[in-house]
1. Using the alpha-carbon centroid of each, what span in Å lies between the stretch 381-419 and the stretch 28-55?
2. With a 1.4 Å probe and all protein chains kept in place, how much accessible area does residue 504 have, in Å² rounded to the nearest 10?
3. Hull surface divided by four, with the convex hull built on the Cα atoms of the stretch 48-149: how many nm²?
4. On alpha-carbon atoms, Rg over Rh for the stretch 246-349 using Kirkwood Rh?
5. Using a cut-off of 16 Å between alpha-carbon atoms, which lysines can reach residue 31, once sequence neighbours fewer than 8 places away in the same chain are excluded?
6. Report the charge-dipole magnitude of the stretch 289-346 in Debye, nearest 20, computed about the Cα centre from +1 at each Lys and Arg Cβ and -1 at each Asp and Glu Cβ.
7. Taking 0.36 nm per residue of sequence separation and subtracting the Cα-Cα distance, how much length would be gained by fully extending the chain between residue 80 and residue 14, in nm to one decimal?
8. Using modelled amide H (1.01 Å from N, peptide plane; none on Pro or chain starts), what sits under 5 Å from the amide H of residue 453, excluding residues fewer than 5 places away?
Amino acid sequence: MSTALVIIVTALISAGLGVLGTLLVRNVILKGKRDDILKNAQAEGEAIKKEKIFQAKEKFLQLKSEHEAYINDRNAQALQMENKLKQREISLNQQNSELGRKQKEVEAIRENLKGQMDIVAKKQEEYEKLRGKVIEKLEEVAGMTAADAKNQLVENMKAEARTEAMSYVNEVMDEARLNAAKEAKRIVINTIQRTAPETAIENAVTVFNIENDEIKGRIIGREGRNIRALEAATGVEIVVDDTPEAILLSSFDPVRREVARLALHQLVADGRIHPARIEEVVEKVSKQLDDEIMETGKRTCIDLGIHGLNVELVRLVGRMKYRSSYGQNLLQHAREVANICATMASELGLNTKAAKRAGLLHDIGKVCEEDPELPHALLGMKVAEKYKEKPDICNAIGAHHEEIEMTTLIAPLVLVADAISGARPGARREVIESYIKRLKDMEGIALSHPGVTKTYAIQAGRELRVIVGAESVTDQQCEELSTEIARKIQDEMTYPGQIKITVIRETRAVAFAK
């Protein structure tokens, strides 16, 4: 037992000594390797240190050379600026000396002029004295004062100038008529020939045709309730009389008449006619008509080649289809004016698109319901400005009845085209009372001038014959009188086209043989 323990202890000691020996050997080997590594690291560090020092020296030398080059360049620039400043200083000194010399010369000239002015003043004083003496001598010889002679000379010169001016005005007017009338006639005739308009057919009554008279009773309803409901819903007077197979729809508003006509057509076709159904159909037809108005406006703009128009302006253009002016359909009139404006603009070398746009929109004030108290031209201009139309278009709309000043070349084209469209034969139907009143007013304006004995409006108001007394009006005054009457008619009256004023002066010698 003890022997075994000794063996175990001995083995453990031997193993420990072996391990200890192994560690000592390993430490010796590792120490040798560590010394080698340290030596190699020190050698590499010295090499890197020497390389970095060498690179730093090279960089320093490079920066030093660049700095010296920069300093040399700045010194050269400074030297160049210094030379320029010296040259500028030399130039300024020379200019200063030159200015001083010229100033002395100016002073000498001023002194010389002062002396000459004194001499002139003395001569002027002597001249005034001599002139006064001469005038006194002339007054003694002529027997009148200088003021009287001057007034007489002025009156003679006025009369002579008036005669020459009137002669010159007549020559200029004759030449202007000869040249301008030819060109204007050519443009207007060419424009009218290239436009194919319709005649006036609109009125204030629409005829609704029916198949038989039995439908009239159904439209009237029990105790007239259907017809009352229809009139209340549409605002149109419905006349059911003895006219066979026809019902009259009367209203000054064509849109209302069209709503009533379409509503009656649907009610008769459907067969159900009672107040509730009438209100439903009228509301439905009104919406359909609004859509049709919008479609008409779009189609009109497309036909005329007008783009970029505001939606509200397109709707107003569509509403023109259901308006009329003296029996002339407003949309047809607007299209006609647009085409005439474009034709004349192309003949004159102006913007045809702008002219056509202004011609189409010139009467939108007639279909606008915003401010009915304004004239339709000014209202149309206001609406066009509201929807961002260009200033030249707005001015042409507002000035086509000369209610504002024309500021663009398109405005007179719209005025002329509107007159051409309204004045052509068959375009409009004028109320007989207003027609007679216009002729009387025209004759009254001519009769208000002194020397006029009789006046006659002939050719449907296109010409005014004025007869004057030979003893009170001279031949020269006849020309002045015709011009004055024409100007007064133009300022005070509204009329389509133009009016020719003819002044007639005649001398009659009467004798009786007994």
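1. 100
2. Here the accessible area works out near 60 Å².
3. Values: hull surface 61.4 nm².
That works out to 15.4 nm².
4. Values: Rg = 17.4 Å, Rh = 15.7 Å.
Rg/Rh for the stretch 246-349 comes to 1.11.
5. Partners found: 39.
6. Working: 7 positive and 7 negative charges, 27 e Å.
Roughly 140 debye for the stretch 289-346.
7. On the way: separation 66, 0.36 × 66 = 23.76 nm, distance 9.78 nm.
Working it through step by step, the gained length comes to 14.0 nm.
8. Placed amide hydrogens put 467, 468, 469 under 5 Å from residue 453.
The values are calculated or read from the model by the stated rules, or taken from the named source; none is laboratory data. These numbers come from a predicted model, not from an experiment. Glycine also receives a Cβ, built like all others from the backbone with ideal geometry; neighbour counts cover every protein chain displayed. Areas reflect the complete protein model, heavy atoms only, side chains present, ligands, DNA and RNA absent. Shrake-Rupley method; radii C 1.70, N 1.55, O 1.52, S 1.80 Å.
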